[in-house]
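Below is one structure, written out as structure tokens, with a few remarks after it.
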Amino acid sequence: MDPQAAKLIGAGIAMCGMIGAGIGVGNIFGNFVAGALRNPSAAASQVGNLFVGAALAEALGILAFVMGILIWIS
Amino acid sequence: MADPLHQFQIKKIVDLPDVTLPGIGSVDVAFTNSHLAMTIGFAVVILFLWVVTSGAKVVPGRLQSVGETLFGMIDNMTGSIIGHDGRKYFPFVFTIFTFILAMNVLGMFLSFTATSQLAITATFALLTFGLVVIVGFVKNGLGFFKLFWPMGAPLLMRPVVGLIEFFSFLLRPITLMLRLFGNMMGGHIALKVFAGFVAAAVVGAAGWFGVLVFPLSLGMTIGLTALEFLVAFLQAFVFAVLTCIYLNDVVNLDHAH
């Protein structure tokens, strides 16, 4: 296989890590809405936790993204 | 199509002569577009807070209430996360929050986003991490290492869990740095890619298919621009919240574990 092509395919495969971040962030927001509909009065106090959780889940996906970019431009 | 990575290139605006530092070697100290973006961000923060507080009234006007909301939000956050010691760390958190927010939001208006440079986010992450370690040692002495000794776990598991805790502690500046960098860089690349599709469709590179591509890509660009404004604020907020959480770990070490 052409090394350049292999590099680009590898960069694409590295982006698969974003799937996990998508599932994680979706889970967090989905569960937040489900919880907020059950007890709307407690929802506002948990918005901070919501975004921190989303950011932590997202960071792992970003690692894959950075890896993909690094493979792509190297 | 234009290269979407072109926007992240560092260009020299004013070239200054190289400086040789002992132990580091020759350092290029040109005034670059990255410097310029950061300087504008700094000036915007100072000017904004000066304008907001110069004509302060008891009943705030529109501009003053924006400033007060920002100030109150961070004050609330340090208070609720760190506790009654929180106000001591408020200046650091507020400085980092406003500076990152200014650079993120200015990145949407200027052609260069300072926070999409790994070196800059790494500096912020190391500042935060360094402060956490210093505060940890100053406040707790060698008791700082209790942070890695989980009291809740069974005795047999404690060394293993402690080791994992230790490595996750060392990973904090890396995730802090990559989150801000990746979000800003990824968002701006996506924006430029879709804007490139619009340009390609308009000049006819996609043929008749462009009639379909053009409105879709333009709509996507508008939507992504709105999303990027949200992300710009959210990432500054998340950075501030995580700074508070990491500070809380070491400030309230005795009664938290």
Chain B: angle of helix B:86-109 to the longest principal axis, Cα-based, in degrees nearest 10: 10
For the range B:81-160, alpha-carbon Rg relative to the globular expectation (2.2 N^0.38 Å, N residues): 1.53
Relative packing of B:15-26, B:152-163, which averages over residues the other C-beta atoms within 10 Å, highest first: B:152-163, B:15-26
Shielding by partners, peptide B:234-243 (average Cβ within 10 angstrom, other chains): 3
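Can you give the mean number of other chain Cβ atoms that lie within 10 Å of the Cβ atoms in peptide B:184-191?
2
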Helix B:118-140 axis, angle to chain B major axis (alpha carbon atoms, nearest 10°): 10
C-alpha center-to-center spacing [the range B:97-146, the range B:179-257] in angstrom: 20
Chain B, relative contact order in percent, only Cα pairs under 8 angstrom and at least six apart counted: 24
The range B:1-78-chain A distance, computed between alpha-carbon centres (Å): 28
Computed [θ] at 222 nm, helices only, for chain B once each DSSP H run of length n ≥ 4 contributes -39500 (n - 2.57): -25000 deg cm²/dmol
Cα-based helix-to-principal-axis angle, B:33-54 vs chain B, degrees rounded to 10: 70
Theoretical ellipticity at 222 nm over chain A - DSSP helices of four or more residues, -39500 (n - 2.57) apiece, nearest 500: -29000 deg cm²/dmol
In order through the range B:18-32: 3J(HN,Hα) via Karplus (6.51 cos²θ - 1.76 cosθ + 1.60), integer Hz, x for Gly, Pro: 5, 10, 9, 9, x, x, 10, x, 6, 10, 7, 10, 6, 8, 9
Relative packing of peptides B:59-68, B:31-40, B:114-123 - highest average C-beta neighbours within 10 Å first: B:114-123, B:31-40, B:59-68
Packing-based ranking, highest mean first, of B:230-241, B:81-92 given that Cβ atoms within 10 Å are counted: B:230-241, B:81-92
Peptide A:57-63 - average C-beta neighbours from other chains (10 Å radius): 6
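No value in this document is a laboratory result; all are computed from the given coordinates. Predicted model, so just to flag it, every value in this text is computed and none were measured. In this analysis, Cβ positions are derived from the backbone assuming ideal geometry, glycine residues included, and neighbour counts consider all displayed protein chains.
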